[in-house]
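The values are calculated or read from the model by the stated rules, or taken from the named source; none is laboratory data. Quantities reported herein were computed from a predicted structural model and do not represent experimental measurements. Methodologically, a virtual Cβ is constructed for each residue, glycine included, from the backbone with ideal geometry; neighbour enumeration extends over all protein chains shown.
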Amino acid sequence: MRLLSRASFERERDDALYNRIATKLLPYLVLLLVVSFVDRVNVGFAKLEMASDIGLSDLAYGTGAGLFFLGYCAFEIPANLILQRVGARLWLGAIMLVWGVISAGMAFVSNPHQFYAMRVLLGIAEAGCYPGVMLYMTYWFPARLRSQVCAIFFLGLTFGGMLGGPLSGWILQSAPQWGGLRGWQWLFIMEALPAIVLALVTFAWLPNDPLDAKWLSPQERRDVHAAARGGNGAHAADAMPGRVSAALRSPTIWLMAVANFALLGGAYGVSFWLPQILRSAGIASLLHIGLLSALPYMFSGVCMVLAARHSDRTQERRWHSILPMLLSVAGFWLAGATSGNLADGLVGGLAGLVLAVVGAQTASGVLWSVPATLFSGSAAGTALAMVTIGGNLGGYAIPYMIGYARTLAGGFAPGFYVLCAVQVLGMAALLLIPASRFRMGEAAQEARALSQRNAA
């Protein structure tokens, strides 16, 4: 199976090697992200039934949906530092097992305060998954391939959105009343089971790093390990900042965190509220709501992979991140302009949300290839966690803001217009980052020069 573009490699041997690694690892990592995404956003579908059962208002729902990300943000940096200490197999497996149990426990909340508490716990449990996998992939793939690799990994968000909506709608509409439980309760239980199963598979199968991969030859393990550390072996990695404090002090990482705030905030704002938006447009069938909610993700996956391949071929990251955000601005503006009468403007509203999600996910696939190229060791893990924190703060603030705006104004339009401004803020943050940091980063340039001098 070819997952990485042939144009990315000068030698047939490297093409075969890295496509073999990608085939071994990426489908499984994508599956982890699918399960993670479904478990964090299925609350948007559960709310269609659970709101009346536990007394959940729009504002309370927006608060609880966002509280997930506060727990997530608080534990991301510690989680990545723990992964580097104990290994990916043990840590990622433990994370999945715990979040699967908590996600199933969501079925038994009976009031808004229990809902808030369980969302915070779920965020804490999942905190190490997304940034942990991003860090894990830097152990295997050199920087020049990471835009494609990140885009393929982010297909988990696409597949999660495509499958999660119809599956959730079907469960709500079809689940029998076994044990006296309602459809929304079975939704949480049934969609938590894959995380528990995958945890057991991870414990048994996932290699910690290339040196632990039994399906690579000894020479291949050494080559992959050296290339991933800096593209030019150990000297390159050693020349890059490796202390946690280096990442914490980096203006580039803070600006990327602001950009990710805009990107993930917009994407999660759509994910959490799209079922309610569709219901407000007069769509009564839960299955139809689920099917329509998959539309933004059907288009975003193709665009994300194509943009990432072009970015890797040209080694240009900055404008491949900024220009898709313009698409998100246009999409949110269109959604806001049509949401005042969404029953008549459903096509325009959906088209706007499709554009918004396509732009956000396309930009994310390229942007995420950059942070780990600027640092090594603990600093690389910290940088990835910091950018993730920025995105998840957006995941907290944006759903809450949309719920608050709907409570005050009775509609979604104000929230969408604010999202336009948030995307502009994200673009401004990326424009403030020196272009050299996108091409390779100052530390990596020094590393390459040092390696070349040593080779001479």
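Screening region 371-456 for helices (runs of 4 or more DSSP H) wholly inside it with 1 or more residues that are modelled with pLDDT under 80 and among the small types (Gly, Ala, Ser) returns the ranges 377-409, 442-455. Candidates Ala46, Ala7: the one that is in a helix (DSSP H, G or I), closer than 27 Å to Gly290 by Cβ, modelled with pLDDT under 95 and of a type in the set (A, V, I, L, M) is Ala46.
The set of residues from region 10-27 being part of a helix (DSSP H, G or I) and either basic (Lys, Arg) or under 15 Å from the mean Cα position of the chain (by Cα) (or both) comprises Arg13, Arg20, Lys24, Leu26. Among residues of region 192-216 that are under 26 Å from Arg119 (Cα atoms), those with a Cβ under 7 angstrom from a residue that is among the aromatic types (Phe, Trp, Tyr), sequence gap 6+ or separate chain, pair up as Ala195/Trp99. Filtering region 122-178 to residues that are closer than 19 Å to Gln84 by Cα and of a type in the set (Ser, Thr, Tyr) leaves Tyr130, Tyr136, Thr138, Tyr139. Residues satisfying the criterion are present in region 212-230 (criterion: of a type outside the set (Val, Ile, Thr) and modelled with pLDDT under 85).
Of all residues in region 283-293, those satisfying the criterion of being aliphatic (A, V, I, L, M) and either farther than 16 Å from Gly348 by Cα or in contact with a Ser or Thr (Cβ under 8 Å, 6 or more places away or on another chain) (or both) are Ala284, Leu286, Leu287, Ile289, Leu291.
Here is a yes/no grid of residues against (1) touching a strand residue (DSSP E or B) at 6+ places or on another chain (Cβ under 6 Å); (2) surrounded by 19 or more Cβ atoms within 10 Å (Cβ to Cβ); (3) modelled with pLDDT of 95 or more:
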residue	(1), (2), (3)
Gly100	no, yes, yes
Met106	no, yes, yes
Val109	no, yes, yes
Gln114	no, no, yes
Leu122	no, yes, no
Ala127	no, yes, no
Pro131	no, yes, no
Trp140	no, yes, yes
Leu145	no, yes, no
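A count restricted to region 51-84 and to residues that are touching a Phe, Trp or Tyr at 6+ places or on another chain (Cβ under 9 Å), within 18 Å of Tyr400 (Cα to Cα) and of a type outside the set (Phe, Trp, Tyr) stands at 13.
Cβ separations smaller than 7 Å between residues 6+ apart or across chains give the following pairs from region 66-91 residues that are among the charged types (D, E, K, R) to residues that are at pLDDT below 90: Glu76/Ala127; Glu76/Pro131; Glu76/Ala385; Glu76/Thr388; Glu76/Ile389. When Leu70 is tested against the conditions (1) within 21 Å of the chain's Cα centre (by Cα); (2) within 23 Å of Tyr116 (Cβ to Cβ); (3) crowded, with 21+ Cβ neighbours inside 10 Å; (4) not β-branched (Val, Ile, Thr), the lone failure is (3).
Only one of the listed residues (Gly161, Gly179) is in contact with a helix residue (DSSP H, G or I) (Cβ under 6 Å, 6 or more places away or on another chain), in a helix (DSSP H, G or I) and of a type outside the set (S, T, N, Q). That residue is Gly161.
Here region 147-157 is the region considered, the condition is being at pLDDT 85 or above and not hydrophobic (A, V, I, L, M, F, W, C), and the residue that is nearest to Thr388 (Cα to Cα) is Gly156.
Restricting Leu274, Leu306 to residues that are crowded, with 24+ Cβ neighbours inside 10 Å, within 27 Å of Ser36 (Cβ to Cβ) and aliphatic (A, V, I, L, M) narrows the list to Leu274. Checked against the criterion of being of a type outside the set (Asp, Glu), buried (at least 24 other Cβ atoms within 10 Å of the Cβ) and modelled with pLDDT of 85 or more, the candidates Val41, Val86, Val35 yield just one match: Val35. Restricting attention to region 1-32 and to residues that are without any contact (Cβ under 8 Å) to a residue 12 or more places away in the chain and hydrophobic (A, V, I, L, M, F, W, C), the residue that is surrounded by the fewest Cβ atoms within 10 Å (Cβ to Cβ) turns out to be Ala16.
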